[in-house]
Amino acid sequence: MPEIVISVDRTMMSNHHGKEFLGFLATGPSVLLPEWLWLKICCPKPKVIDNLGRPLEAPYGLRKIEAKLIDAGFNAAVIDPDYLHKHVKTAKLLLIGHHDFFAFGPPSSEWWLITGMEPVNRKSFIKFMESHPVNEMRRRGVKIVVGGPAAWQWWWEPELWERWKIVTVIDGEAEKVVVDVVDKLLRGEPVPSYVYIGPHEVPSIDEIPIIKAPSVNGLVEIMRGCPRGCRFCSVTLRPLRFIPVEKIVEEVKVNKKFGIDHVILHSEDVLLYGAEGVIPREEPLLKLHKAVLPLVNDLAWAHASLAAIVVAQRRGRLVTKLTDLIYSSTGQDYLGVEVGIETGSPRLAKIIMPAKAAPFTADEWPDVVEEAFAIMHEHNIIPAATFILGFPEERPDDVVKTIELLERLRPYRSIIVPMLFVPMGVLKGSRAGVARMKLLREHAEAMRVAFWHTVKWAHDIMSRFYLRGTKHVLTRTLLSLFVRLAMKKMREIERKILPQFEERELSLVASKTV
């Protein structure tokens, strides 16, 4: 039995039916459908490989911590939340990682503010922390450590930090400190209640371990950090590090050994793997894909920047070369990816994300976005795109520019989701965004335009690419039902609410409940 148990709630401990984008449904409330059915659609229980409850697939971040501790000689294992009761009497530490503990991050905070209903991921995590096994661990003196990309959210919930007896919060790339923290806790030595790993303290490539067991949907990291320096993003604070192809292949083989024969190449910008600044390079990208593709039956990119897509295609038709290679090697006929539009306003882009368009200028940003969408459409790359409302220094005419850009994107197959600004990165101390935001008529119109764009393409994406075949008939049917109900609701909003819409203050802190 592991003395160090690593776990998280169901919204994270799931493979989302093998479709990563379905996981985003957990960031919203269970609108129009009962919560149990909502969870069935987006967060089914994973298979476990033994009676200890070790899941076949687990979140990649948890796998990295598990591997780091195992390499250091500790008896640690990721455990499915439904099996925690088996470890109550033997666990000494409970480690928990999450992307959005309390739904303060995007897009959870947006759905919460707009609907006034707590997102499923927040409710699920609170239920997990109040569950009988976790309460019994606390009663027995098991020390609880939390961390991950959403570690900052514990500062917004200090009463839960205390109530749940969280010993320490690790904020940052935890491979650098987790062994030392765990060693001290097992020895009964004190540790700080908050451990922050700054941009100059991140682990080197040699300090990042290779996972020991499969990651959710075969996700494998290819680089860390980002060179674009967007002021709203915490990733850009960290130095850029490329994971060697040999290590990437080794992790793909770990997944394949357990029957996970697909891969999501993860970075903030896949096309910048091995790049020179913000200019994609053909050689490292082709080398990476040629090394990975023989091992898998399906491949996806986690994120790509729109500027990099345009540069890659203009310089040597690299997008064509990559997609031809991927499709011919795997037999798949589409590629999923997340992209960030953020704003359609060149003025705001210069302030918030001056290098987002590089090597193009911020003034060219709307044209770069449309060209990238056209390239993706032509190559059956299906983007889940986001844009952000409520930036500091945002003006109504900036939102109008975003609406105009969204209208230009109507011909291109994509999912487009609005988000409300969350103060992160160098803007972490800003009072703008979800903590306190004025919702303008222009914001409501941008959300409306994005909704109808997504609805237009949803059926095409689900039936022709994403959820085709008999295997996904139930999920496809339930999602189609939800889309129809959402369309009906939006028409009601357009008829009854939008004509009399008035500006209003939104405050997430004021609305949060437990």
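The values are calculated or read from the model by the stated rules, or taken from the named source; none is laboratory data. All figures in this text were calculated on a predicted structure; none of them were measured in a lab. Please note: Cβ atoms are built from the backbone with ideal geometry, for glycine as well, and neighbour counts cover all protein chains shown.
Annotations for the structure displayed:
- Criterion: assigned by TED's automatic domain parsing to the domain that holds Pro133, over 14 Å from Lys123 (Cα atoms) and modelled with pLDDT under 95 - qualifying residue of Leu39, Leu32: Leu32
- Checked against the criterion of being modelled with pLDDT of 80 or more, in a helix (DSSP H, G or I) and either assigned by TED's automatic domain parsing to the domain that holds Ile403 or under 30 Å from Lys127 (Cβ atoms) (or both), the candidates His453, His459 yield just one match: His453.
- Test: residue in region 26-40 that is in a loop (DSSP other than H, G, I, E, B), hydrophobic (A, V, I, L, M, F, W, C) and over 24 Å from Glu338 (Cβ atoms): yes
- Members of region 413-422 that are modelled with pLDDT of 90 or more, buried (at least 21 other Cβ atoms within 10 Å of the Cβ) and assigned to a loop (DSSP other than H, G, I, E, B): Ser414
Residue by residue, here is whether (1) modelled with pLDDT of 95 or more; (2) farther than 20 Å from Trp457 by Cα holds:
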{"residue": "Tyr327", "(1), (2)": "yes, yes"}
{"residue": "Pro359", "(1), (2)": "yes, yes"}
{"residue": "Glu364", "(1), (2)": "yes, yes"}
{"residue": "Ile381", "(1), (2)": "yes, no"}
{"residue": "Ala384", "(1), (2)": "no, no"}
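- Out of Trp152, Trp112, sole residue that is modelled with pLDDT under 95, in contact with a strand residue (DSSP E or B) (Cβ under 7 Å, 6 or more places away or on another chain), in a helix (DSSP H, G or I) and not aliphatic (A, V, I, L, M): Trp152
- The set of residues from region 160-187 being among the aliphatic types (A, V, I, L, M) and not in a strand (DSSP E or B) comprises Leu160, Ala174, Val177, Val178, Val179, Val181, Val182, Leu185, Leu186.
- Residue in region 278-296 that is buried (at least 19 other Cβ atoms within 10 Å of the Cβ), within 19 Å of Ile341 (Cα to Cα) and in contact with a Cys (Cβ under 6 Å, 6 or more places away or on another chain) present: no
- Extreme residue, farthest from Glu173 (Cα to Cα), among residues of region 53-95 that are of a type in the set (Gly, Ala, Ser) and outside any strand (DSSP E or B): Gly53
- Among the residues of region 371-412, the ones that are surrounded by fewer than 18 Cβ atoms within 10 Å (Cβ to Cβ) and of a type outside the set (A, V, I, L, M) come to 13 in all.
- Residues located in region 155-192, provided they are touching a strand residue (DSSP E or B) at 6+ places or on another chain (Cβ under 7 Å) and basic (Lys, Arg): Lys165
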